[in-house]
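I have placed the structure first, in the form of structure tokens, so that the comments after it can refer back to it.
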Amino acid sequence: MIRLIDVHKEYDNGTKALKGINLRIEDGEFVFLVGPSGSGKSTIIKLLTAEITASKGRVIVNGYNLGNIRRWQIPHMRRTLGIIFQDFRLIEKKTVQGNLEFAMRTVGASGREMRKRIPYVLDLVGLEDKADVYPNEMSGGEQQRVAIARALVNNPKMIIADEPTGNLDPRRSLEIMTLLERINAMGTTMLVVTHERDLVNRFSKRVVAIKDGEMIRDGQGGYYRA
Amino acid sequence: MRRLNLGYFIKEGFSSIFSHGLMSFAAVCMIVACLIIMGSFSLLAINVDDMLKQLEEENEFLAFIDEDYTENQIRELMAQVRQLDNVGQVEYITREQAKADYLKGHESEGLYVNLPDEVLRDRLSIHVIDLERFSETVEAVKALPGVANHRAASEVAEGFVAVRNAVTALAMVLVAILAVVSLFIIANTIRLATFARREEIAIMKMCGATDGFVRWPFIVEGLILGLMGALVAFFLQWGVYVAVGSALVENGANALFSLMDFGLIWKRVLGIFMLSGAAIGAVGSGFAIRKFLQV
Ligand SMILES: Nc1ncnc2c1ncn2[C@@H]1O[C@H](COP(=O)(O)OP(=O)(O)O)[C@@H](O)[C@H]1O
Ligand SMILES: [Mg+2]
């Protein structure tokens, strides 16, 4: 669940990245956030993950009001989120299994929980036989699947993906997006940032479009539907 | 957190030390240098102190009384001496007692042969409380009417006090400087470690790691570096101490200044080294990651 209420963001150097964004996303939704490069998409993601704070307005994520959240609560808020990036951000010197264990250990999971959960999520993303492989032995699409598995492994309420297919060819991109759609269908709220209109147009989802820090469209269906 | 990750923190701390070995080595060397210098001065101070204690056990001098003083006069003089500042116990020794004591130590010599003048005088044995003001006190006693002469080793006593004070002051200054330098180097080592692992840390934070979870492996790393340094320093210190001790014996200097047996003090040295090493390590890494955690 996300609430952005009249959110403004001005960076320290004076760049006004967001100029009054209003956005509601309910539990279970699948939402594309689209817009040209520099329009403020990543700024919204960083606000949602509490990496930065809004200059003005209210940001509420899964019940946490990020405007007055305590520092010690931020980790707990983040545990309700699975975050995916364009560049995967896997630990190169750890295997797939090691990467997932790393994420689970972070939140204090036991060995037993890991042995139960990891095979399940690897199966879900179609990497059931890749547990002992290192990231650099995998294709980009496979690495992004590992990242998705990692985002899922702590059982978040919502997944936030910032250009998850930005480094992938069209076919892999479609596969990844289909996987995210499937995960959403199982109940996880999904917010996916992208600027690939062909991809967005292949799914019939809610599309929020921003430009120059302002929302210019919010509706069901493809990127360019009037 | 559902589970204590002690094993994980220790493993991460160790592996981090080896993954940037040179800097860890430098940090350990700094701690060793710091502790050895600190230790050497402390041991010197301890030994000087020990000698002072021995000296202080003999912190008395004799004041000889005018031959024509009557017993009443002597009693009065004793009261006067007792009232002086810095005077502890005062004991009256008659010339008969003194002679007997003297002769006890000189049985082989002929009776009364070369018997020193003072032996035949009544005397006061006077204990000084603060050795640092030994000669001041001697002067005060000497100034009293009825005191004919005195015998004291004031130069030696005060020399030792001066040495002890100088050693202590120098040790404290040096230790302070070295502790700061060691802290700085440890902090840099840990900062390097955090830098090398900044991507992992970013991933941890993204997954919802608490500050404590991120911080502990680095604190453990600092602690391990500190304790390793302390252990190395202890054995080096031991070697140096024993070597200096036997050098003193070889030169015959041990008559003047001999070292305490290391067996008597090793526990204290090891304990202080471990504590100091651990403290430097933990505080250093604490400094290093404080700023880094503001992500
Ligand atoms: N840390 C930053 N400091 C200053 N300006 C920034 C920073 N991050 C982004 N910006 C600026 O804010 C605007 C929006 O950036 P961003 O949210 O990254 O856009 P998008 O993800 O849609 O490409 C851009 O003009 C960008 O240059
Ligand atoms: Mg972006």
What list of ³J(HN,Hα) values in whole Hz, one per residue of the range A:204-221 in order, does the Karplus curve 6.51 cos²θ - 1.76 cosθ + 1.60 (θ = phi - 60°) give from phi, with Gly and Pro shown as x? 9, 10, 5, 10, 10, 10, 10, 8, 6, x, 10, 6, 10, 6, 8, x, 7, x
Give, as a single signed number, the net charge of other residues whose beta carbon lies under 15 Å from the beta carbon of residue B:74, with Lys and Arg counted +1 and Asp and Glu -1. -3
Quick one: which residues, 5+ away or cross-chain, put their amide H under 5 Å from the amide H of residue A:218? H built at 1.01 Å from N. A:209
Roughly how many Å is it from the Cα centre of the range A:57-103 to that of the range B:187-265, as a whole number? 36
I'd like the accessible area for residue B:68, computed on protein heavy atoms only with a 1.4 Å probe and all protein chains in place. Round to 10 Å², please. 120
Compute for chain A: radius of gyration divided by Kirkwood radius, i.e. Rg/Rh, restricted to C-alpha atoms, rounded to two decimals. 0.96
Low-density loop cleavage sites - chymotrypsin sites (Phe, Trp or Tyr not before Pro) in the range B:188-270, where at most 13 other Cβ are within 10 Å (DSSP): B:257
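Of chain A, which part is the longest with no GluC sites (Glu not before Pro) in a loop (DSSP not H, G, I, E, B) and with at most 13 other C-beta atoms within 10 angstrom?
My reading of the result: A:129-226 is the longest stretch.
Over the range A:91-154, calculate the relative contact order: mean separation of alpha carbon pairs under 8 Å at least 6 apart, over the residue count, as a percent. It would help to have the intermediate numbers written out before the result.
Numbers: 57 pairs, mean separation 32.2, N = 64.
Once normalised by length, the contact order is 50 percent.
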Work out the charge dipole of chain A with +1 on the Cβ of Lys and Arg and -1 on the Cβ of Asp and Glu about the Cα centre, then indicate which of A:170, A:191, A:50 is farthest towards its positive end. A:50
Around residue B:149, which amide H atoms from residues at least 5 apart in sequence, or from another chain, sit under 5 Å from its own amide H, with H modelled in the peptide plane? B:64
Report, for chain A, the % of DSSP beta bridges that are antiparallel, rounded to 5. 50
Enumerate by residue number the trypsin sites (Lys or Arg not before Pro) in the range B:1-91 meeting two conditions: DSSP loop (anything except H, G, I, E, B), and at most 10 other Cβ atoms within 10 Å of the site's Cβ. B:2
Starting at the first residue of the range A:50-65, write each ³J(HN,Hα) from the Karplus equation 6.51 cos²θ - 1.76 cosθ + 1.60 with θ = phi - 60°, in whole Hz, x for Gly and Pro. 6, 7, 10, 10, 6, 6, 7, x, 10, 10, 10, 10, 6, x, 8, 7
What do you get for Rg/Rh over the protein assembly as shown if you use C-alpha atoms and the Kirkwood form of Rh? 1.33
What are the ³J(HN,Hα) values, in whole Hz, obtained from phi via the Karplus relation 6.51 cos²θ - 1.76 cosθ + 1.60 with θ = phi - 60°, for each residue of the range A:152-166 in sequence order, with x given for Gly and Pro? 7, 5, 8, 6, x, 7, 9, 10, 10, 10, 9, 6, x, 10, x
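Scan the range A:166-226 for trypsin sites (Lys or Arg not before Pro) in coil per DSSP, keeping those whose Cβ has at most 15 other Cβ atoms within 10 Å, and list them by number.
A:202, A:225
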One would report the antiparallel percent of DSSP beta bridges in the protein assembly as shown, rounded to the nearest 5, as 65
Tell me, what is the percent relative contact order of chain A, built from C-alpha pairs under 8 Å that lie six or more residues apart? 29
Residues meeting the amide H criterion for residue A:82 (H placed from the backbone, H to H distance under 5 Å, 5 or more places apart or on another chain) are A:158, A:159, A:160
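The values are calculated or read from the model by the stated rules, or taken from the named source; none is laboratory data. This one's a predicted model, so the numbers in the text were calculated from it and none came from an experiment. All Cβ positions, even for glycine, are placed from backbone atoms using ideal geometry, and neighbour counts span all protein chains on display. Keep in mind that these areas ignore ligands, DNA and RNA; they rest on the heavy atoms of the full protein, side chains included. Shrake-Rupley method; radii C 1.70, N 1.55, O 1.52, S 1.80 Å.
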